[in-house]
Amino acid sequence: MDTMLKRRQFLRVTALAGGGLLVACGGGSSSSPSPTPPDSSNPDSAPGNGGDPAETFAVGEFLRISSDNSIRVLVGASEIGQGALTAIPMIVAEELDADWSRVTSAHSPVAAQFDNPYFGALQFTVASAATRGYFAAQRRAGAAVRHMLIAAAAERWNVEPSTLRTEKSFVIDDANQRSASYGDLAEAAAAQNVPINPPLKDPANYTIIGSTRQRLDAVRKTNGSEIYGMDVDIPGMLTAVIARPPRFFGQPQSVNSNAALAIPGVLEVFTIPSGVAVIANDFWSAEQGRKALEVSWNEALAGRTDSAQTRSNYQASLNLPGVPVRSDGAVLLAQAAASDVLSADYFFPFMAHAAMEPLNVTVDYTGSAAEIWTGSQSQTIDRLFAASILGLLPEQINFHTMTSGGGFGRRGNPLSDYVRDACHVAKTLQQPVKVIWTREDDMKGGYYRPAASVRVSAALDNNGTITAWTHRAVTQDVTSSLYFEEQLDTLAEMELPPLGELNDLETGMPYAIDNVHMDAHLTLIPQMPSLWMRSVNKFSDVFAQETFIDEIAHRYSRDPYHYRREMLGNNPRLLAVLDGVAQAANWGNPPAGRSQGIALIAHWQSYIAQVVEVSVTGDRELKVHRVVSAIDCGTAVNPDLVVAQVESGVIFALSSVLFGEIELRDGVVQQSNFDDYPVLRMHQTPQIDTVLMPSGDNPGGVGEIGVPAVGPALANAIFAATGEQIRELPLKNLNFVIA
Amino acid sequence: MISLQVNGDEHTVDVPDTKPLLWVLREDLKLTGSKYGCGQALCGACTVHLDGQPTRACVVPVSAAAGHRIDTIEAVDQQRIGALVQQAWQALNVPQCGYCQSGQIMAATALLTSNPSPSDRDIDEAMSGNICRCGTYPRIRKAIHKIASEQL
């Protein structure tokens, strides 16, 4: 990581013909200019309407100051709704002292210069790591360019740089009452030395970071002009849908395509490794063709995962020691000395990400080069797989990261399943083609949040103090499909994060307990494609931990808020948000007829505590009235985006907790669309209040932190209302009627 | 050949009668603002106005849309209320991924056109057919109230 950061300090600054400057960041800047603008599919990003070729971005060039004083920032993270294309430019603009009203942004090409320092050599928008990963490097880049602009002005005016200041894209000489715009100075600035270690602003002087700014994509996302992968349209493009096996990794055995080919508009039917592709002039014809297709499947190697069987297997594994994740003190001794040892078992089902935009990929493969357009959270690896399938070098593929209609982890698959499918289709076809997944394809297509069982136990003394804590998780290795296919060779050349980090089993149990043992069973089920889903295992692990804490508190007649408080003496940031949410939610005094529950989590360098207010009627009508959150994410780069992410996390969590379940019977997924996989709707949405309590530390992740504590806080509120202990999800399976 | 009146313009398309209006708009007329989300009128991402009524274009055969006035997100700013809805959406930073927002805006515009002062219950009824996985519902509700209280 250190090497990476050092390498990133190197900037290459060049003048633009006709004024302006371009900044390239990081190593590898010897790359030849890209033959086409990296984001030509995005109408908003075509620089100067394709005018002067010198105005075209080259690979690696991430910042452009144009002679008209406008500034354009290319972002290596993917816009999946979290606001990456707004927050990350704000960081550069802050240190640059840019006029924010003249800043625009777009996705970068896939290139090493745009890798997220958090992951090393990858563009990878997962693990709530976009803003916190790019923060330091973007600040340094902005500061360096500002330094060069000042140096250029000082040279022009023959004054000391230290007598000059900057504001809103101008260098200002107060003593001589003159100023020059960045656009005017840009060409001369490009000739200045690049400072290796430019001084950064004191955060107290921030004017952009920490202020709420409108999303840069707000207009495009309200007038229908934002171009998603699904909207890509290139000349001569065909449309494909793929008939997939009813059980994962089944193989097409025989195909009768006569009826399909008889549908007007259907052009071709052929087999690819994952199924049978139906190619047509348009989506509707392709879909009719697929319905008419007759395929028999070889299911000898197909997955036979069964939800009920999985649950019973996992329950059995809870009795066996797993691989240690954390071990403090001497749990067995403490348990032997305890006055009481309590334990509880939990189960969580498979779940689908169900992003609003179903998966899709457009590929234009000509035999010697390719362009790919898709919403991706993992473009570096996607391009690598595409290259291996198409027989190209990665550099021969112009990969356009499109704005994603949601991701939640599904578009960050290290196996690149949907990109590989599309490349197989394009390789056969050698004609531009968009592969569209229907909602049913997306829902049944696998790569789910894996099912999980958790057992927690607590040893207690006479006062109800927890003297020992154990936590055992049984879940599926989200990388297990890696072992199934011949993907390891392709991935061998990648610098992947360690698998432990991908699975991220550390739960961050924050309480001051002397004796702690946490272990896990990571089962390998290669024929059951699983993947991280927003908040990953924290969703299940924190649910168990935080509901069990309430059970213990109740048993010893302790208030759940105060009980937690007493165990957080060494964790001032968590304590602060816990106190913050208790105050904001008026803890202990819910409105008549309602009950409260509380829970917390620290992860992704952020801290949150949440209170959920519910009512439960005698006939089990459950109404979630209000969710209050207090969050410390260090520095909130754009406070309103942080609030939006917490709101988003709360609603995402409520969908999962109330309804979320993919059920497999003998390998067949039972759900297909939003009728049998319901998600939260407007009328079920509670009042949501969010309190920001930024400590001023480096930014923490906010994309997932709003999710894990909602479920346990909700379950704790039900426990407070009814005395019923919630040990499995979703709640719809426990005969609650969701109002 | 089927004639369609979309956003005030007449179009003639040569497509099967059964092709859903959504795909005719997206593929044949290149109006991609209306989104495909579920194909079964379950999510609302494809919502357009048919004679002013919010309609799920993914389940309307194109032949059934002929002879009706079709309005899509691309021209909703030509309606006074549609433009107000867009402005309120922008002011409150409503969109996140944005994929569902064309449908949300078309549904909200229809609601406010027929009911300038909707209650929370009215909003629930008008907007619960539109799914947002990013969870922008609280801001959508707030934006609708804002328009109703400030501008209608």
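The values are calculated or read from the model by the stated rules, or taken from the named source; none is laboratory data. Keep in mind the model is a prediction, meaning the values are calculated, not measured. Note: ideal-geometry Cβ built from the backbone for every residue, glycine included; neighbour counts use all protein chains shown.
Out of all the residues in the stretch A:443-458, is one or more in a helix (DSSP H, G or I) and buried (at least 20 other Cβ atoms within 10 Å of the Cβ)?
Taking every residue of the stretch A:443-458 in turn, at least one turns out to be in a helix (DSSP H, G or I) and buried (at least 20 other Cβ atoms within 10 Å of the Cβ).
Residues in the stretch A:415-442 that are away from chain B (no Cβ under 14 Å), polar (S, T, N, Q) and part of a loop (DSSP other than H, G, I, E, B): 3 in all. Checking the stretch A:244-255 against the condition returns no match, with no residue being of a type in the set (Lys, Arg) and within 8 Å of chain B (Cβ to nearest Cβ). Residues in the stretch A:354-376 that are surrounded by fewer than 23 Cβ atoms within 10 Å (Cβ to Cβ) and not hydrophobic (A, V, I, L, M, F, W, C) were compared, and the one that is farthest from the other protein chains (Cβ to nearest Cβ) is A:368.
Among helices (runs of 4 or more DSSP H) entirely within the stretch A:235-338, having at least 2 residues that are in the same structural domain as residue A:458 (by TED's automatic domain parsing) singles out A:307-317, A:331-337. Which residues, taken from the stretch A:275-289, are within 20 Å of residue A:431 (Cα to Cα) and of a type outside the set (Phe, Trp, Tyr)? Once the filter is applied, which keeps residues that are within 20 Å of residue A:431 (Cα to Cα) and of a type outside the set (Phe, Trp, Tyr), the stretch A:275-289 yields A:275, A:276, A:277, A:278, A:279, A:280, A:281, A:282, A:285, A:286, A:287, A:289.
For the stretch A:344-354, the set of residues classified as assigned to a loop (DSSP other than H, G, I, E, B) and in contact with a strand residue (DSSP E or B) (Cβ under 9 Å, 6 or more places away or on another chain) consists of A:349, A:352, A:353, listed by residue number.
For the stretch A:68-88, residues that are modelled with pLDDT of 95 or more and at positive phi total 2. When restricted to residues that are farther than 23 Å from residue A:172 by Cβ, β-branched (Val, Ile, Thr) and either modelled with pLDDT of 95 or more or part of a helix (DSSP H, G or I) (or both), the stretch A:183-234 contains 6.
Considering only residues of the stretch B:42-53 that are buried (at least 23 other Cβ atoms within 10 Å of the Cβ) and facing chain A (nearest Cβ under 9 Å), which is nearest to residue B:79 (Cα to Cα)?
Going through the stretch B:42-53, the residues buried (at least 23 other Cβ atoms within 10 Å of the Cβ) turn out to be B:43-49.
If we keep only those that are facing chain A (nearest Cβ under 9 Å) as well, we get B:43, B:45.
Values: B:43: 24, B:45: 20 Å.
Per the stated criteria, the residue is B:45.
For the criterion of being within 25 Å of residue A:504 (Cα to Cα) and within 14 Å of chain B (Cβ to nearest Cβ), residue A:446 fails. Against the condition more than 7 Å from every other protein chain (Cβ to nearest Cβ), under 25 Å from residue A:404 (Cα atoms) and not charged (D, E, K, R), how does residue B:66 come out, does it pass? No. Residue pairs whose Cβ atoms lie under 7 Å apart, sitting 6 or more positions apart in sequence or on different chains, and linking a residue in the stretch A:619-648 that is assigned by TED's automatic domain parsing to the domain that holds residue A:575 to a partner that is acidic (Asp, Glu) and assigned to a loop (DSSP other than H, G, I, E, B), are A:634/A:697; A:635/A:697.
Can you list residue pairs whose Cβ atoms sit under 6 Å apart, with the first residue in the stretch A:454-475 being touching a residue at least 24 places away in the same chain (Cβ under 8 Å) and the second being part of a loop (DSSP other than H, G, I, E, B) and β-branched (Val, Ile, Thr)? Count only pairs 6 or more apart in sequence or on different chains. Every condition considered, the pairs that remain are A:466/A:513; A:469/A:513.
Report, by residue number, each residue of the stretch A:102-142 that is within 24 Å of residue A:188 (Cα to Cα) and surrounded by fewer than 21 Cβ atoms within 10 Å (Cβ to Cβ). Within the stretch A:102-142, A:102, A:104, A:139 meet the criteria.
Applying the criterion of being without any contact (Cβ under 8 Å) to a residue 12 or more places away in the chain and more than 10 Å from chain A (Cβ to nearest Cβ) to the residues of the stretch B:84-122, the residue that is surrounded by the fewest Cβ atoms within 10 Å (Cβ to Cβ) is B:119. Just one of the numbered conditions (1) within 29 Å of residue B:147 (Cα to Cα); (2) buried (at least 21 other Cβ atoms within 10 Å of the Cβ); (3) in contact with a helix residue (DSSP H, G or I) (Cβ under 7 Å, 6 or more places away or on another chain); (4) within 9 Å of chain A (Cβ to nearest Cβ) is not true of residue B:39: (1).
Hey, any hits in the stretch A:671-687 for a residue that's among the β-branched types (Val, Ile, Thr) and away from chain B (no Cβ under 14 Å)?
In the first step, residues of the stretch A:671-687 are kept if they are among the β-branched types (Val, Ile, Thr); the result is A:679, A:685.
Of the ones still in play, those that are also away from chain B (no Cβ under 14 Å) are none.
For the stretch A:671-687, residues among the β-branched types (Val, Ile, Thr) and away from chain B (no Cβ under 14 Å): absent.
Residues in the stretch A:198-226 that are β-branched (Val, Ile, Thr), within 11 Å of chain B (Cβ to nearest Cβ) and surrounded by fewer than 22 Cβ atoms within 10 Å (Cβ to Cβ): A:212, A:219.
May I ask you to verify whether residue A:579 is farther than 26 Å from residue A:655 by Cβ and under 32 Å from the mean Cα position of the chain (by Cα)?
On the way: farther than 26 Å from residue A:655 by Cβ: yes; under 32 Å from the mean Cα position of the chain (by Cα): yes.
When the stated conditions are applied, residue A:579 passes them.
Cβ-Cβ distances below 7 Å connect no pair with a first residue in the stretch B:10-30 that is closer than 18 Å to residue A:230 by Cα and assigned by TED's automatic domain parsing to the domain that holds residue B:40, a second residue that is of a type in the set (A, V, I, L, M, F, W, C) and surrounded by fewer than 16 Cβ atoms within 10 Å (Cβ to Cβ), and a separation of six or more residues or different chains. Output the residues belonging to the stretch A:467-477 that are out of contact with any Lys or Arg (no Cβ under 9 Å at 6 or more places or on another chain) and surrounded by fewer than 24 Cβ atoms within 10 Å (Cβ to Cβ). Within the stretch A:467-477, A:467, A:477 meet the criteria. Among the conditions (1) more than 10 Å from chain A (Cβ to nearest Cβ); (2) touching a residue at least 40 places away in the same chain (Cβ under 8 Å); (3) within 16 Å of the chain's Cα centre (by Cα), residue B:140 misses just one, which is (1). When the stretch A:233-243 is examined, which residues are found to be in contact with a strand residue (DSSP E or B) (Cβ under 7 Å, 6 or more places away or on another chain) and facing another protein chain (nearest Cβ under 9 Å)? Of everything in the stretch A:233-243, just one residue is in contact with a strand residue (DSSP E or B) (Cβ under 7 Å, 6 or more places away or on another chain) and facing another protein chain (nearest Cβ under 9 Å), namely A:239.
What do you reckon, is residue A:331 β-branched (Val, Ile, Thr), surrounded by 14 or more Cβ atoms within 10 Å (Cβ to Cβ) and over 26 Å from residue A:444 (Cα atoms)? Can you show your working first?
Details: β-branched (Val, Ile, Thr): yes; surrounded by 14 or more Cβ atoms within 10 Å (Cβ to Cβ): yes; over 26 Å from residue A:444 (Cα atoms): yes.
Yes: the conditions hold for residue A:331.
Is there a residue in the stretch A:610-628 that is in contact with a Cys (Cβ under 8 Å, 6 or more places away or on another chain), surrounded by 23 or more Cβ atoms within 10 Å (Cβ to Cβ) and of a type outside the set (Val, Ile, Thr)?
Quick first cut of the stretch A:610-628, residues in contact with a Cys (Cβ under 8 Å, 6 or more places away or on another chain) only: none.
Scanning the stretch A:610-628 turns up no residue that is in contact with a Cys (Cβ under 8 Å, 6 or more places away or on another chain), surrounded by 23 or more Cβ atoms within 10 Å (Cβ to Cβ) and of a type outside the set (Val, Ile, Thr).
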